[in-house]
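J.: Could you have a look at this structure, given as structure tokens, before my questions?
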Amino acid sequence: MSSFTLELTPAHHELVRRAHAFAEDVIRPAAPKYDQLQECPWDVVDEAARAGFYNALFYADLIADPTGLSLPLFLEEIFWGCAGIGLTTVLPALALSALNQAGTPEQIATWAPEMFGEPGDIKLAALAVSEPQGGSDVANLQTRARRDGGDWVLDGTKIWIGNGGIADVTVVNAVVDPDLGTKGQAMFVVPRGTPGMEQVRRLDKLGHRASHTAELSFTDCRIPGANLLGGDDKLEHKLDKARRGEGDSAALGTFEQTRPMVAAMALGVARASFEYACDYASRREAFGGPIIENQGVAFPLADLAADIDAARLLCWRASWMAANGVPFHLAEGSMSKLKASEVAVRAAEQAVQVCGGWGYVSDLPVEKWYRDAKLYTIFEGTSEIQRMVIGRTLATEAAKGPQHHQLPGDHGGLSRRFGHGSLARARAGEVFMKLAKHAPQSVLELGGRLASPGR
């Protein structure tokens, strides 16, 4: 297991440098155009692929980082550039996460390349879970999957689907046994052009307008049995466990693992808004000086500085926990998403306020960030859902103490007996203090240096 540390590796720093340069030089200049056109930024995605930021192995490599930090570091920089373009670029990674969690090695090898394509032949992927009547209520999904010979047939409607209707691969969550709730669901791969899958409409959104979002319908949509993620035997085993009151939902498991990813996206928008507001307030002069010298301007920005850093630490902790298989006892994934999404909205709103009338018009980018930020309190579970998920853990988990009381680690050995804060070191310190009364000056200086690390 990797230790949780805030010390970034040289590879982390290089990833941040490359991602930030791409966001600044490629994404930001294109952002106003695609926000206005509401079209998929195919050329930017192709540039991302040429820069090495858009392929299955790249995301698999980020996810495999034992520190858990590569993916949130990358996402924060890309979404600092533009949330809509960023979402288009990373949506296949959400579908890939579902594929990796539910699929067999053979299915992963078959479908992962089809989710991204290659430079000059870009492909897209979508994850279709939400429905018009369900929203965040995954237990209320109505899309059904039924066996028909060796095939599966899907019927239902999905909405809010990023890349929906234009994706080459769509991973669809459907109910196979309505009596089992979320545990009676499975995921299926539906290739583009499959008869019975249709785009009903493209959605006209408040923000993230560079990301194509659609409503999809499935009517007698027939797919081969091999497109059931995990295969028949795994599904039957899962359903048998569910009938005994055991097992988990594949969709809910995917959400909890991806919520730190969404937190990192929100942090990118929060940071963009915060940095712009600080810079603008430092340059804008009124009443005899820069407006940032006024407490009414500086204090809200100071609160944002602290809250953005706090949200980032929650995001990094949850990402480290997910990478190392540490259970989310108090829904730490939801904690990170809740705090990051809400600080993104506050930061964008404050940026508009700092810029005044100029912040309300499209001359400045802050009105776009304001529109973009709101999605994060809705996307992948509303803030209310995050609070509900956290709240459900409190009765059984909160009394056990904070998360660090339960983290795995070396609970024995020499470190436990002789490490910092141990009883043995405390007793040794007492002995040293008694001897110090009669010790030579050179010994006292040596002891002082040992007792003052970092000097």
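J.: Of 348, 172, 426, which is farthest along the charge dipole of the chain in the positive direction, counting Lys and Arg as +1 and Asp and Glu as -1 at C-beta?
T.: 426
J.: Taking the dipole about the Cα centre of the chain, with the C-beta of Lys and Arg at +1 and of Asp and Glu at -1, give me whichever of 187, 405, 362 is farthest to the positive side.
T.: After comparing all options, I get 405.
J.: Just how large is the dipole of segment 249-405 about the Cα centre, in debye to the nearest 20, putting +1 at every Lys and Arg Cβ and -1 at every Asp and Glu Cβ? The partial results should precede the final answer.
T.: Details: 15 positive and 17 negative charges, 81 e Å.
The dipole of segment 249-405 has a size of about 380 debye.
J.: Bin width 10 Å, origin at 0, all Cα-Cα pairs of segment 141-217: what percent of pairs per bin?
T.: Computed distribution, short to long bins: 18, 47, 27, 7, 0.
J.: D for the chain, whole µm²/s, Stokes-Einstein with Kirkwood Rh over alpha-carbon pairs at 37 °C and 0.692 mPa s: what number?
T.: Details: Rh = 24.2 Å.
Result for D is 136 µm²/s.
J.: Mind scanning 234/374; 205/337; 374/400; 123/205 and naming the pairs with a C-alpha gap bigger than 31 Å? List each step's numbers first, then the result.
T.: On the way: 234/374 38 Å; 205/337 21 Å; 374/400 34 Å; 123/205 23 Å.
Those over the limit are 234/374; 374/400.
J.: With viscosity set to 0.692 mPa s at 37 °C, what whole-number translational diffusion coefficient in µm²/s follows for segment 86-197 from Stokes-Einstein and a Kirkwood radius over Cα pairs? Don't skip to the answer; put the middle values down first.
T.: Numbers: Rh = 14.5 Å.
Calculated translational D: 227 µm²/s.
J.: Quick one: putting +1 on the C-beta of Lys and Arg, -1 on the C-beta of Asp and Glu, what dipole do you get for segment 118-247 around its Cα centre, in Debye to the nearest 20?
T.: Numbers: 17 positive and 19 negative charges, 55 e Å.
Approximately 260 debye in magnitude.
J.: Can you give the extra length, in nm with one decimal, that the chain gains between residue 384 and residue 199 once fully stretched, where that is 0.36 nm per residue apart less the Cα-Cα distance?
T.: Details: separation 185, 0.36 × 185 = 66.60 nm, distance 2.94 nm.
The residue 384-residue 199 span can extend by a further 63.7 nm.
J.: How big is the dipole moment of the chain about its Cα centre under a simple scheme where the beta carbon of each Lys and Arg is +1, that of each Asp and Glu is -1, and everything else is neutral? Debye, nearest 20, please.
T.: On the way: 45 positive and 55 negative charges, 342 e Å.
In debye, rounded to 20, the chain gives about 1640.
J.: Place the peptides 3-15, 184-196 in order of packing, highest mean first, counting for every residue the other Cβ atoms within 10 Å and averaging per peptide.
T.: Working: 3-15: 12.3, 184-196: 18.8.
Descending mean neighbour count gives 184-196, 3-15.
J.: Something else about it: With an 8 Å cut-off on Cα pairs and a minimum separation of 6 or more residues, tell me the relative contact order of the chain in percent.
T.: Details: 762 pairs, mean separation 67.8, N = 455.
The value is 15 percent.
J.: Still on this structure, please answer the following. Gain in length, residue 436 to residue 6, computed as 0.36 nm per residue apart minus the alpha-carbon separation, to one decimal in nm? If you can, show how the numbers build up before the last one.
T.: Details: separation 430, 0.36 × 430 = 154.80 nm, distance 3.70 nm.
Net length gain for the segment: 151.1 nm.
J.: Hey, another quick one. Over all alpha-carbon pairs in segment 128-169, figure out the percentage whose distance exceeds 11 Å. Present the calculation step by step, with values, prior to reporting the outcome.
T.: Details: 581 of 861 pairs.
Roughly 67 percent, once rounded to a whole number.
The numbers here are math on the coordinates, done by the rules we state, and not lab data. Note that the structure is predicted; figures quoted are calculated from it, not measured. Methodologically, a virtual Cβ is constructed for each residue, glycine included, from the backbone with ideal geometry; neighbour enumeration extends over all protein chains shown.
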